[in-house]
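All remarks here apply to the structure that follows.
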Amino acid sequence: MEEVEKNIVAMKVMLAGDGEVEPNPDQVAQLTLEVCNEDVIALFIHKLLILGWEARKNLVHCWSIMLKQKVDSTYCCVQYMENHLELLDFLVVCYDNKEIATHCGGMLRECIKLPSLAKYILESPSFGLFFKFVELPNFDVASDAFSTFKDLLTKHESAVSQYLTNNYSEFFEQYEKLLTSPNYVTRRQSLKLLSEFLLEPPNSLIMKRYIAEVSHLKVMMNLLKDSSKNIQISAFHIFKVFVANPNKPREIKLILAKNHEGLLALLNNLGKGGEDDQFEEEKELIMKEIEKVSRLANLES
């Protein structure tokens, strides 16, 4: 093991230099090519657990460099991973082992920068494991898993849009559990992430579908009552899209009308003294719209 760890340090110096001597591009290309040709990548990934902490850290650093290396006209490490996609699933499952979870997470996030590799993970059954991993009791592991989960849902818009279109019901059923989690950090992070990918232009059709569903509106209404001011504000930025939707379904209008008094009281107290003028303007418009929906509902009944 001592010999292995020395070699990993030597590899890191060859790839990144040592602070005094710059890496030699030919040597970097040669090393990258050999690591692919000799199946050393699979060996590294499968044997991460038996390495010491420092060796794992060095290996993650080496991986981030090799993945970007072009040898002749090919990114051979990317190509290697595309031909051994099961290694991506292996890295995802490693979140279950807290010894190597964050190192595997680092390697995964490097892979996710590549559209083809990110797309594979999104469409793989192992993607569903992230709903469990982001709530693991070990805070460092759960936070790392959430960083990877976030990258998967925000880095490549067209792949994400395709994934959400094909897996809409299953995905949001799982995601609702994160938004209603008893864990404050999970609620806050998942709400913020929802804004990031749901309100992106490529996902406009997904958003239209999302804001037409009563169950999602109810989740946001509950989050407006959360004990955390930060969560209330984040929830408002999604809640306002339900209210401002010019094509609100009848069921949505009925819920808003039925709860208008409570909603107006909540919104009236929301962000008191701490938010900017734009927020106050938006809040006023949303309150007026709720009053209007309520008046029209009364007239109809």
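The values are calculated or read from the model by the stated rules, or taken from the named source; none is laboratory data. In this text the structure is predicted, and so the values were computed from the model without any measurement. All Cβ positions, even for glycine, are placed from backbone atoms using ideal geometry, and neighbour counts span all protein chains on display. When the accessible area is computed, the model is the full protein with side chains, heavy atoms only, and any ligands, DNA or RNA have been set aside. Shrake-Rupley method; radii C 1.70, N 1.55, O 1.52, S 1.80 Å.
So the values come out like this:
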quantity: Extreme residue, positive dipole direction of the chain, given options His84, Asn245, Leu15 (C-beta unit charges); calculated: Asn245
quantity: Convex hull volume of the range 67-162 per residue (C-alpha atoms, cubic angstrom); calculated: 91
quantity: Within the chain, helix-based [θ] at 222 nm, where runs of 4 or more DSSP H residues each add -39,500 (n - 2.57), nearest 500; calculated: -22500 deg cm²/dmol
quantity: Rounded if a/c under 1.5, otherwise prolate or oblate - the range 1-82, Cα gyration tensor axes; calculated: oblate
quantity: Protein accessible area in the chain, 1.4 Å probe - carbon and sulfur %; calculated: 51
quantity: Charge dipole (debye, nearest 20) of the chain; +1 at Cβ of Lys and Arg, -1 at Cβ of Asp and Glu; calculated: 1440
quantity: Per residue accessible area of the chain, 1.4 Å probe, in Å²; calculated: 52
quantity: Rounded tilt (10° steps) of 101-112 against the dominant C-alpha axis of the chain; calculated: 80
quantity: Whole-angstrom gap from the range 206-253 to the range 50-72, using each part's C-alpha centre; calculated: 43
quantity: Shape box of the chain [Cα atoms, principal axes, largest first, Å]; calculated: 79, 34, 33
quantity: The range 125-229, dipole about Cα centre (Lys/Arg Cβ +1, Asp/Glu Cβ -1), debye to the nearest 20; calculated: 340
quantity: Whole-Hz ³J(HN,Hα) from phi, Karplus 6.51 cos²θ - 1.76 cosθ + 1.60, for the range 26-36, glycine and proline x; calculated: 5, 5, 4, 5, 4, 5, 4, 5, 5, 4, 6
quantity: Extent along principal axes [Cα atoms of the range 211-300; Å; largest to smallest]; calculated: 38, 23, 20
